[in-house]
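Participant: Quick one: the structure is below, and I'll ask about it shortly.
The values are calculated or read from the model by the stated rules, or taken from the named source; none is laboratory data. All values derive from a computational prediction rather than experimental measurement. With ideal geometry, Cβ positions are generated from the backbone for all residues, glycine too; neighbour counts draw on all protein chains shown.
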Amino acid sequence: MDQTMNPNRPYIQRMLILLILSSLVRGASLQRTTSSAPRLVLSGWVPNACTLVVCGSSETRPKGEEGDQGLPRPQGLQGPAGPTGIPGSERDFWWKGISGGKGSRGNSNLPELESLKTQIRDLETELEGLKAAITKTQRVLLPPNGVMVGERIFKTDGSRGDYDAARETCSRLGGALAFPRNAAENSALQKIVTWHNRRAVLGINDMATEGRFENLNGDAIAYSNWARGEPNNLGNEDCVEMHEDGKWHDRGCTLEWLVICEF
Ligand SMILES: [Ca+2]
Ligand SMILES: [Ca+2]
């Protein structure tokens with residue numbers, strides 16, 4: 001058919017094309033609204049490219065269901081240990097050092113202290129050796145001529161003499177004429193007298209004042225062990241002898257006795 005026969009033909013053709021396109025677009029819109037996907041909204045038909053843009057607002061979309069919380073996350077592996085911190089005291093030390101705090105006082109006496117400890121240990125060892133030697137001396141050397149009482153040793157060399165000779169003998173040996181200051185010492189001297197079966201002269205007298213017996217230093221005696229009836233100064237007796245029973249008698253000073261010295 002010729003265009004000249006129908007002057008509205010171009011217009012009719014464009015209308016047909018538009019109707020076809022409109023049908024296609026509408027069909028697509030229906031497919032989208034029946035699916036579970038978000039609905040497509042056609043705001044209208046405008047003969048340009050923007051008419052195909054989905055322009056629906058989010059408010060018109062249905063709210064979706066809440067999703068599952070999902071499986072809990074597995075616990076992660078323990079990380080490597082961190083560096084060791086500075087102990088409190090050291091930290092304070094460094095902090096004081098940085099902040100200008102007072103420094104700790106040095107101990108310059110440590111070497112001297114260690115030296116003293118060493119000397120003390122040496123002395124203790126030496127003391128133990130001396131104790132062993134003393135014990136051996138007591139056991140082997142003293143009897144029957146000597147006895148140790150505390151720190152004092154009573155010893156005789158077996159010599160005899162009067163009072164003056166006895167004093168001289170003991171002084172020459174580096175000691176003094178013995179006299180007992182207590183019962184233990186009296187017992188020790190008695191042993192020597194008994195062993196030698198001879199009376200001994202003691203280092204006390206009342207030459208200066210009758211009846212006041214004193215030692216060689218001039219001090220009045222504090223201990224005595226007089227026999228019954230003694231001292232009686234019979235015939236002017238100013239010296240003292242010990243009998244085998246340990247008892248004392250005042251006697252004249254020119255008799256001959258066993259000499260016992262004390263050290
Ligand atoms: Ca007398
Ligand atoms: Ca007498």
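Participant: On the basis of being in contact with a helix residue (DSSP H, G or I) (Cβ under 9 Å, 6 or more places away or on another chain) and part of a loop (DSSP other than H, G, I, E, B), does Phe179 make the cut?
Facilitator: So Phe179 passes the test.
Participant: Within the bounds of segment 195-207, is there any residue that is away from ligand 1 (no atom under 16 Å from the Cβ), in contact (Cβ under 8 Å) with a residue 40 or more places away in the chain and part of a helix (DSSP H, G or I)?
Facilitator: If we filter segment 195-207 for residues that are away from ligand 1 (no atom under 16 Å from the Cβ), which is where we start, we get 195-200.
Still in the running and in contact (Cβ under 8 Å) with a residue 40 or more places away in the chain: 195-200.
Now restrict to residues that are part of a helix (DSSP H, G or I): 195-196.
There is at least one residue in segment 195-207 that is away from ligand 1 (no atom under 16 Å from the Cβ), in contact (Cβ under 8 Å) with a residue 40 or more places away in the chain and part of a helix (DSSP H, G or I).
Participant: Let me ask something else. From the set of residues in segment 237-263 that are of a type in the set (Asp, Glu) and closer than 14 Å to Asp164 by Cβ, which is nearest to ligand 1 (Cβ to nearest atom)? Explain how you work it out, then say what you get.
Facilitator: Step one: filter segment 237-263 for residues of a type in the set (Asp, Glu), giving 237-238, 241, 244-245, 250, 256, 262.
Within this subset, residues satisfying the condition of being closer than 14 Å to Asp164 by Cβ are 238, 256.
Numbers: Asp238: 4, Glu256: 19 Å.
Looking at residues that are of a type in the set (Asp, Glu) and closer than 14 Å to Asp164 by Cβ, I get Asp238.
Participant: Specify the residue that is surrounded by the most Cβ atoms within 10 Å (Cβ to Cβ); the eligible residues are those in segment 128-177 that are of a type in the set (Ser, Thr, Tyr) and farther than 30 Å from Asp238 by Cβ.
Facilitator: If we filter segment 128-177 for residues that are of a type in the set (Ser, Thr, Tyr), which is where we start, we get 135, 137, 156, 159, 163, 169, 171.
From what's left, farther than 30 Å from Asp238 by Cβ: 135, 137.
Numbers: Thr135: 11, Thr137: 13.
Looking at the filtered set, the residue picked out is Thr137.
Participant: Right, another one. In this structure, does Phe154 turn out to be on the phi < 0 side of the Ramachandran plot, more than 49 Å from the chain's Cα centre (by Cα) and not in a helix (DSSP H, G or I)?
Facilitator: Working: on the phi < 0 side of the Ramachandran plot: yes; more than 49 Å from the chain's Cα centre (by Cα): no; not in a helix (DSSP H, G or I): yes.
When the stated conditions are applied, Phe154 does not pass them.
Participant: Could you please let me know if Asn215 is within 16 Å of ligand 1 (Cβ to nearest atom), free of Cβ contacts under 8 Å to residues at least 40 places away in the same chain and more than 56 Å from the chain's Cα centre (by Cα)? Outline the logic, then answer.
Facilitator: Working: within 16 Å of ligand 1 (Cβ to nearest atom): yes; free of Cβ contacts under 8 Å to residues at least 40 places away in the same chain: yes; more than 56 Å from the chain's Cα centre (by Cα): no.
Against the criterion (within 16 Å of ligand 1 (Cβ to nearest atom), free of Cβ contacts under 8 Å to residues at least 40 places away in the same chain and more than 56 Å from the chain's Cα centre (by Cα)), Asn215 does not qualify.
Participant: State whether the residues of segment 209-218 include one that is under 21 Å from Phe154 (Cβ atoms) and surrounded by fewer than 14 Cβ atoms within 10 Å (Cβ to Cβ).
Facilitator: The first filter runs over segment 209-218 and keeps only residues under 21 Å from Phe154 (Cβ atoms), leaving 213-217.
Restricting the remaining residues to those that are surrounded by fewer than 14 Cβ atoms within 10 Å (Cβ to Cβ) gives 217.
Yes, segment 209-218 has at least one match.
Participant: Within the group Trp226, Trp257, Trp248, which residue is near ligand 2 (Cβ under 10 Å from one of its atoms) and under 17 Å from Phe154 (Cβ atoms)? Before you say what the answer is, go through the steps one by one.
Facilitator: On the way: Trp226 fails: under 17 Å from Phe154 (Cβ atoms); Trp257 fails: near ligand 2 (Cβ under 10 Å from one of its atoms).
Going through Trp226, Trp257, Trp248 in turn, the sole match is Trp248.
Participant: For the structure I just gave you, tell me whether Lys131 is at pLDDT below 95, basic (Lys, Arg), in a helix (DSSP H, G or I) and outside the structural domain of His249 (by TED's automatic domain parsing). Break it down stepwise before answering.
Facilitator: Details: at pLDDT below 95: yes; basic (Lys, Arg): yes; in a helix (DSSP H, G or I): yes; outside the structural domain of His249 (by TED's automatic domain parsing): yes.
So Lys131 passes the test.
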